[in-house]
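The values are calculated or read from the model by the stated rules, or taken from the named source; none is laboratory data. Everything numeric in this text was worked out from a predicted model, so none of it was measured. Every residue, glycine among them, receives a Cβ derived from its backbone with ideal geometry; neighbour counts consider all protein chains shown. All accessible areas refer to the heavy atoms of the entire protein, side chains included, with ligands and DNA or RNA removed. Shrake-Rupley method; radii C 1.70, N 1.55, O 1.52, S 1.80 Å.
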Amino acid sequence: MTAEKLDSLSSWQRLEEGRKAKAAQGGYAGYGSPAFGLCSINGELVEDPREQQVIELIRRHHKSGKSLQQIANWLNEKGYKTKRGQQWRRISVKRVLDRLYNKTSGSESRNISSSEISSELKSPHSQED
């Protein structure tokens, strides 16, 4: 093995250990994008108020008995997008619900918004600029 490969491996190992240590302390280790509803600010996962509103809409529609596909269709009709700016699909809705109901592992976060989510949530197209 060349010296460059050893240095590269050593750097990778150092980065990996740093990520593990940060995650063990409750910080965001930086593996990909944070889950929908969360964002990373200064290495800490915090709730994204706009995405939290969409999660609440998803929860309400799910509790009312709508299917995953019906929820995805409704979100798309109202102009809501996923974290990556894509249209909603049923699997995207399922993943949000799985995290919401703790069916998958997730990191704890704090809420950065001091105001509570309003009971009447508006779609992005209903707001006037």
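Measure up Lys78/Lys103; Lys81/Lys103; Lys63/Lys83 against 25 Å on the Cα-Cα distance and list the ones that go over.
Numbers: Lys78/Lys103 27 Å; Lys81/Lys103 23 Å; Lys63/Lys83 23 Å.
Those over the limit are Lys78/Lys103.
Between Lys103 and Lys78, what is the spin-label point distance in nm, taking each point 7 Å from the Cα along the Cα→C-beta axis?
About 2.1 nm, to one decimal.
Would you check the accessible area of Ile71, probe 1.4 Å, heavy atoms only, in square angstrom rounded to 10?
Probe radius 1.4 Å; accessible area of Ile71 about 0 Å².
Multiply the residue gap between Ser67 and Ala21 by 0.36 nm, knock off their C-alpha separation, and tell me the result in nm, one decimal place.
Numbers: separation 46, 0.36 × 46 = 16.56 nm, distance 4.00 nm.
Difference between extended and current length: 12.6 nm.
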